[in-house]
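Take a look at the structure set out below.
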Amino acid sequence: MALRGKQKQSPLDREHALFLLKEMLRIRRFEEKSVELYTASKIRGFVHLYIGEEAVAVGAMQALQPQDAIVATYREHGHALARGVSANAIMAEMYGKLEGCSRGRGGSMHLFDAATRFYGGNAIVGGGLPLAVGLALADKLAGRQQVTACFFGEGAVAEGEFHESLNLAALWNLPVLFCCENNLYAMGTALARSESETDLCLKAAAFEIPAWPVDGMDALAVEDATRRAATAVRAGGGPHFLEYRTYRFRAHSMYDPELYRDKQEVEEWKKLDPIPSLIARMKGQNIWQEEDWTRMETAVVHEIDRSVAFAEAGHWEPVEDLTRFVYSEAR
């Protein structure tokens with residue numbers, strides 16, 4: 001389960017808590033709309049939902065700076081939204097439209113936005129790890145005080161590039177923050193069935209990389225841990241590793257029959273849903289007003305509806321451009 005000790009909860013800043021809550025709600029409603037559109041065949045291909053894990057992307061992005069680089073997995077809608085990629089550009093990309101952030105060529109698993117330094121959307125498990133090491137190496141060689149945050153699931157720790165990437169990052173003291181989202185089941189195999197050592201921080205420690213676990217169902221805990229780690233990385237402390245212990249409430253993908261876990265287990269984890277959990281904490285500190293939810297929900301629904309309208313009105317890339325970008329275009 002997530003890390004829920006008896007730690008003393010510090011007073012919340014109302015406006016910041018509301019911001020975190022709205023960001024998580026944006027992701028939740030975007031994903032729910034994606035299910036609806038996928039069912040209606042408006043969105044095709046593979047779709048991997050982030051429902052349940054919103055606290056990780058939202059909390060982590062607060063601790064990163066605009067000049068930092070983000071490398072994500074194929075379950076990246078939430079990361080892109082939290083990073084600042086517009087809902088319009090993401091939805092249009094999922095529709096396969098020219099106005100999408102990847103010109104409609106990537107779809108759900110290949111979101112990309114140079115303006116926010118969001119480098120995927122990588123469909124290969126663990127594929128973003130060596131890319132992150134390369135980005136961090138470039139920053140170090142150029143003398144830039146920037147951090148590359150690489151998000152990946154716990155399934156990636158079984159891949160060779162995980163070990164190669166952590167090893168090189170440690171050897172070269174690179175400014176990369178490894179952000180492992182441990183939702184326990186990878187694509188459909190329980191962690192204990194695939195890894196003899198399930199304490200993932202120990203795997204990072206084997207490369208002399210500072211590492212610690214985080215309650216991935218608590219946006220504030222994620223923000224605090226990520227800021228601590230990112231600050232150390234930015235100051236020249238070398239790579240760091242965070243294990244966000246979280247859980248996806250929905251199946252791995254839209255094609256997943258979800259036979260590998262018990263429904264009761266899912267219901268138990270839903271009790272830790274990061275959205276109502278934060279609301280409950282705000283209520284406990286007497287800084288929650290019921291109209292906050294109505295106002296927030298209305299704004300989010302309007303944003304998602306606008307993104308759908310934008311995607312519907314978008315254009316298909318002309319067939320004549322089929323081979324465009326096979327070679328780099330001269331500037």
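The values are calculated or read from the model by the stated rules, or taken from the named source; none is laboratory data. Keep in mind that what you see is a predicted model, and the values were worked out from it rather than measured. All Cβ positions, even for glycine, are placed from backbone atoms using ideal geometry, and neighbour counts span all protein chains on display. In case anyone asks, the SASA skips ligands and DNA or RNA and just uses the protein heavy atoms, side chains included. Shrake-Rupley method; radii C 1.70, N 1.55, O 1.52, S 1.80 Å.
Observations on the model:
- Number of the exception - Glu197 against (1) in contact with a Lys or Arg (Cβ under 8 Å, 6 or more places away or on another chain); (2) assigned to a strand (DSSP E or B): (2)
- Among the residues of the range 119-148, those identified as farther than 18 Å from Arg75 by Cβ and assigned to a helix (DSSP H, G or I) are Pro130, Val133, Gly134, Leu135, Ala136, Leu137, Ala138, Asp139, Lys140, Leu141, Ala142.
- Among the residues of the range 200-223, the ones that are in a helix (DSSP H, G or I) and either touching a residue at least 40 places away in the same chain (Cβ under 8 Å) or β-branched (Val, Ile, Thr) (or both) come to 8 in all.
- Any hit, the range 252-262, residues being in contact with a Gly (Cβ under 8 Å, 6 or more places away or on another chain), aromatic (Phe, Trp, Tyr), open to solvent by 40 Å² or more (accessible area, probe 1.4 Å) and at pLDDT below 95: yes
- Glu154 vs. criteria at pLDDT 95 or above, surrounded by 22 or more Cβ atoms within 10 Å (Cβ to Cβ) and more than 15 Å from Ala69 (Cα to Cα): yes
- Against the test of being among the aromatic types (Phe, Trp, Tyr) and under 20 Å from Phe118 (Cβ atoms), the options Phe178, Phe207, Phe162 yield a single qualifying residue, Phe178.
- Criterion (surrounded by 16 or more Cβ atoms within 10 Å (Cβ to Cβ), within 25 Å of the chain's Cα centre (by Cα), closer than 25 Å to Met24 by Cα and not small (Gly, Ala, Ser)) met by exactly one of Thr231, Thr246, Thr298: Thr246
- Leu200 crowded, with 19+ Cβ neighbours inside 10 Å, within 19 Å of Gly59 (Cβ to Cβ) and either more than 16 Å from the chain's Cα centre (by Cα) or among the hydroxyl-bearing types (Ser, Thr, Tyr) (or both): yes
- Complete set of residues in the range 225-273 that are in contact with a strand residue (DSSP E or B) (Cβ under 6 Å, 6 or more places away or on another chain) and either over 30 Å from Val176 (Cα atoms) or of a type in the set (Asp, Glu) (or both): Glu243
- Considering residues of the range 216-228 that are of a type in the set (D, E, K, R) and over 15 Å from the mean Cα position of the chain (by Cα) only, the residue nearest to Leu18 (Cα to Cα): Asp224
- Within the range 157-171, the set of residues being in a helix (DSSP H, G or I) and open to solvent by 10 Å² or more (accessible area, probe 1.4 Å) comprises Ala158, Gly160, Glu161, His163, Glu164, Asn167, Leu168, Ala170, Leu171.
- Yes/no for Phe241 being closer than 26 Å to Leu141 by Cα, aromatic (Phe, Trp, Tyr) and surrounded by fewer than 22 Cβ atoms within 10 Å (Cβ to Cβ): no
- Hey, Leu174 more than 21 Å from Leu64 (Cβ to Cβ), among the aliphatic types (A, V, I, L, M) and open to solvent by less than 30 Å² (accessible area, probe 1.4 Å) or not: no
- Taking the range 277-294 as the range and being within 22 Å of Phe30 (Cα to Cα) and loosely packed, with under 13 Cβ neighbours inside 10 Å as the test, the residues that pass are Glu291, Thr294.
- Which listed residue is charged (D, E, K, R) and within 22 Å of Leu21 (Cβ to Cβ), from Arg144, Arg75: Arg75
- Any hit, the range 264-275, residues being more than 30 Å from Leu191 (Cα to Cα), within 22 Å of the chain's Cα centre (by Cα) and either of a type in the set (A, V, I, L, M, F, W, C) or open to solvent by less than 90 Å² (accessible area, probe 1.4 Å) (or both): no
- Residue check for Ala190: among the small types (Gly, Ala, Ser) and open to solvent by less than 10 Å² (accessible area, probe 1.4 Å): no
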